[in-house]
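The values are calculated or read from the model by the stated rules, or taken from the named source; none is laboratory data. Keep in mind that what you see is a predicted model, and the values were worked out from it rather than measured. Reconstructed Cβ throughout: ideal geometry from the backbone, glycine too, with neighbour counts over all protein chains shown. These area figures cover heavy atoms from the full protein model, side chains too; ligands, DNA and RNA do not enter into them. Shrake-Rupley method; radii C 1.70, N 1.55, O 1.52, S 1.80 Å.
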Amino acid sequence: MNEKDPFECTTCNTVEVGTLISDDDTRITLEIRGDEAISAQDQFSKIEQRALSVGSGNCKIQSETSQENGMTVIKAMLDFDCTAEKLIFEMSQR
């Protein structure tokens with residue numbers, strides 16, 4: 001007997017992109033830690049340059065530097081123009 005199941009999945013393992021990616025998901029929050037202020041700032045500068053090189057180059061970047069237990073901590077928020085730019089940036093970080 002070679003009957004087909006009427007509920008057989010013909011496109012298994014597929015997902016509508018909109019269920020995973022939201023149009024308003026444009027922000028990334030980062031925390032950069034370094035033993036020295038210069039080291040943390042160097043790391044942040046590289047991230048900042050990469051963020052500004054993605055897509056339109058209009059990424060809005062805010063940061064705050066503080067000291068915690070003798071370490072320099074930079075808390076940064078990157079806000080991209082669109083979700084695609086954010087995803088491209090995230091993939092370039094891996």
**Request:** Measure off 7 Å from each Cα along the Cα-to-Cβ vector at residue 29 and residue 53, then give the distance between these two points in nanometres to one decimal.
**Result:** 2.8
**Request:** Positive end of the charge dipole of region 49-94 (Lys, Arg +1 and Asp, Glu -1 on Cβ, about the Cα centre): tell me which of 69, 49, 80 has its Cα farthest that way.
**Result:** 49
**Request:** Could you list which residues have their amide H under 5 Å from that of residue 82, counting only those 5 or more apart in sequence or on another chain, with H placed in the peptide plane?
**Result:** none
**Request:** List, in order, the whole-Hz ³J(HN,Hα) value for each residue of region 27-41 obtained from phi through the Karplus relation with A = 6.51, B = -1.76, C = 1.60 and θ = phi - 60°; use x for Gly and Pro.
**Result:** 10, 10, 10, 10, 10, 10, 10, x, 5, 10, 4, 5, 4, 5, 5
**Request:** For 75, 86, 60, give the ranking by accessible area with the largest first, probe 1.4 Å.
**Result:** 60, 75, 86
